[in-house]
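The values are calculated or read from the model by the stated rules, or taken from the named source; none is laboratory data. Worth saying up front: this structure is predicted, and the values here are computed from it rather than measured. Every residue, glycine among them, receives a Cβ derived from its backbone with ideal geometry; neighbour counts consider all protein chains shown. Quick note on the areas: whole protein, heavy atoms, side chains included, nothing else; ligands and nucleic acids left out. Shrake-Rupley method; radii C 1.70, N 1.55, O 1.52, S 1.80 Å.
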Amino acid sequence: MMGTPVLILGDSGAGKSYSLRNFNPDDVMLLQCIPKMLPFKSAGWKLHGKLLPDGSKQRGNVLRSDNWETVLDTIYRMVQSKTRRILIIDDFQVVMQHENMNRAYQTGYAKFTEMADHIWRIIMAATELPDDFRVYFLAHTEETEGKIRMKTTGKMLNEKLTPEGYFSIVLRAIKKDGKHVFLIKGDDNDTAKAPPDLFPDQTEMDNDLHAVDVAITEFMTEL
């Protein structure tokens, strides 16, 4: 049993959230680590827990939390879903950034090891889901020692954990010639990567995460 974790990296405004536009919301659970409007129109995305006029709370497919334990619990709870096999965690880097801010006055190096452990546990939980589950981690980028990688809380945490190393598929959202695209394979300074047979003869594609998901699903059924 092994779910498929996928890392989508990109600067703010690079089209990460916009790439969700072609999903059927009934198939997806979206966890927003930063509360924000979606950059496209769709009535199918509903905020879970929203208070309705009749006093009841809305059951929806959009959750909001930046707490690492809640993120971890959400991944484990996906196995209880009868219809949704896709979890998207948007602004994933915020989980460690906000924990770092909440522990700003805590001295000592142990907290960095603990924060790295929390992120590691979240990523590993995605791999422990059943085979037909996909978890997409959307995160910002930074340039460290000339290499474009996932944004973390600094060098000390980078030394404890290299997030990209836990993913077989890392796509980078970029703007090129006025269009949003996913970079599939970059140069030696880029962490974008994918199995060669997943997107054969492609180095980039339209930033359509649904199309990525279809390709991954087909690829996994052939293994």
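Volume per residue for the chain equals 136 cubic angstrom (convex hull of Cα atoms).
Comparing LEU7, ALA104, GLY146 along the charge dipole axis of the chain, the residue lying farthest to the positive side is ALA104, per the Cβ-charge model. With a/c under 1.5 counting as rounded, go ahead and sort the range 137-180 into rounded, prolate or oblate using the C-alpha gyration tensor (a ≥ b ≥ c being the square roots of the eigenvalues; past the cut-off, prolate if a/b is larger than b/c, else oblate). Prolate, because a/c is 1.5 or more and a/b exceeds b/c.
Projecting the Cα atoms of TYR76, PHE92, TRP120 onto the dipole axis of the range 48-122, where Lys and Arg carry +1 and Asp and Glu carry -1 at the beta carbon, places TYR76 farthest toward the positive end.
Note on the chain: with a GNM built from Cα contacts shorter than 10 Å, the maximum mean-square fluctuation among GLY15, GLY178, GLY146 falls on GLY178. In percent, what relative contact order does the chain have, based on Cα pairs under 8 Å that are 6 or more apart in sequence? Over the chain, the number comes to 28 percent. Annotation: the range 44-121 has a Kirkwood hydrodynamic radius of 14.7 angstrom, from the mean reciprocal C-alpha pair distance.
Ordered by solvent-accessible area of protein heavy atoms (1.4 Å probe), largest first, the residues TYR166, TYR136 come out as TYR166, TYR136.
Database remark: amide H of THR144 closer than 5 angstrom to the amide H of ARG149 (H placed geometrically; neighbours at sequence offset of 5 or more, or on other chains; Pro and chain starts carry no H). Charge dipole (Cα centre; +1 on Lys/Arg Cβ, -1 on Asp/Glu Cβ; no other charges) of the chain amounts to roughly 900 debye. Which value in deg cm²/dmol, rounded to the nearest 500, describes the helix-derived mean residue ellipticity at 222 nm for the chain, given -39,500 (n - 2.57) per DSSP H run of n ≥ 4 and division by the residue count? Taken over the chain, the calculation gives -8000 deg cm²/dmol. Ordered from largest to smallest accessible area (heavy atoms of protein chains, 1.4 Å probe), the residues MET101, MET78, MET205 come out as MET101, MET205, MET78. Between the amide H of PHE133 and those of THR4, distances stay under 5 Å, these residues lying 5 or more places away or on another chain, with hydrogens modeled in the peptide plane.
Between the amide H of THR191 and those of ILE148, distances stay under 5 Å, these residues lying 5 or more places away or on another chain, with hydrogens modeled in the peptide plane.
In a reduced charge model with +1 at each Lys and Arg Cβ and -1 at each Asp and Glu Cβ, the range 119-185 shows a dipole moment near 280 debye about its Cα centre. Quick check on my link table: of LYS46/LYS151; LYS36/LYS147; LYS41/LYS179; LYS151/LYS179; LYS46/LYS176; LYS16/LYS57, which ones sit more than 25 Å apart, alpha carbon to alpha carbon? Among LYS46/LYS151; LYS36/LYS147; LYS41/LYS179; LYS151/LYS179; LYS46/LYS176; LYS16/LYS57, the Cα-Cα distance tops 25 Å for LYS46/LYS151; LYS36/LYS147; LYS46/LYS176; LYS16/LYS57.
Residues SER12, SER65, SER42 ordered from highest to lowest accessible area at a 1.4 Å probe: SER12, SER42, SER65. Whole-Hz Karplus values for the range 178-183 come out as x, 10, 8, 9, 9, 7 Hz, taken residue by residue from phi with 6.51 cos²θ - 1.76 cosθ + 1.60 and θ = phi - 60°; glycine and proline positions read x. GNM on the chain, alpha-carbon springs under 10 angstrom: the most fluctuating residue among ARG59, ARG21, ARG85 is ARG59. Roughly how many whole Å is it from the C-alpha centroid of the range 178-223 to that of the range 72-90? Computed from Cα coordinates, the inter-centre distance equals 23 Å.
Taking the DSSP beta bridges with both ends in the chain, the antiparallel portion is around 35 percent. The aspartates and glutamates whose alpha-carbon is closer than 20 Å to the alpha-carbon of LYS175, local same-chain residues fewer than 8 away aside, are ASP11, ASP90, ASP91, GLU142, GLU143, ASP187, ASP188, ASP190, GLU204, ASP206, ASP208. Build a GNM of the chain with springs between Cα atoms under 10 Å apart, and of MET37, MET124, MET29 the one that fluctuates most is MET37.
Listed values for the range 13-29 are Karplus-derived 3J(HN,Hα) couplings in whole Hz (6.51 cos²θ - 1.76 cosθ + 1.60, θ = phi - 60°), namely x, 7, x, 4, 5, 5, 5, 7, 4, 9, 6, 7, x, 5, 9, 10, 10, and x replaces Gly and Pro.
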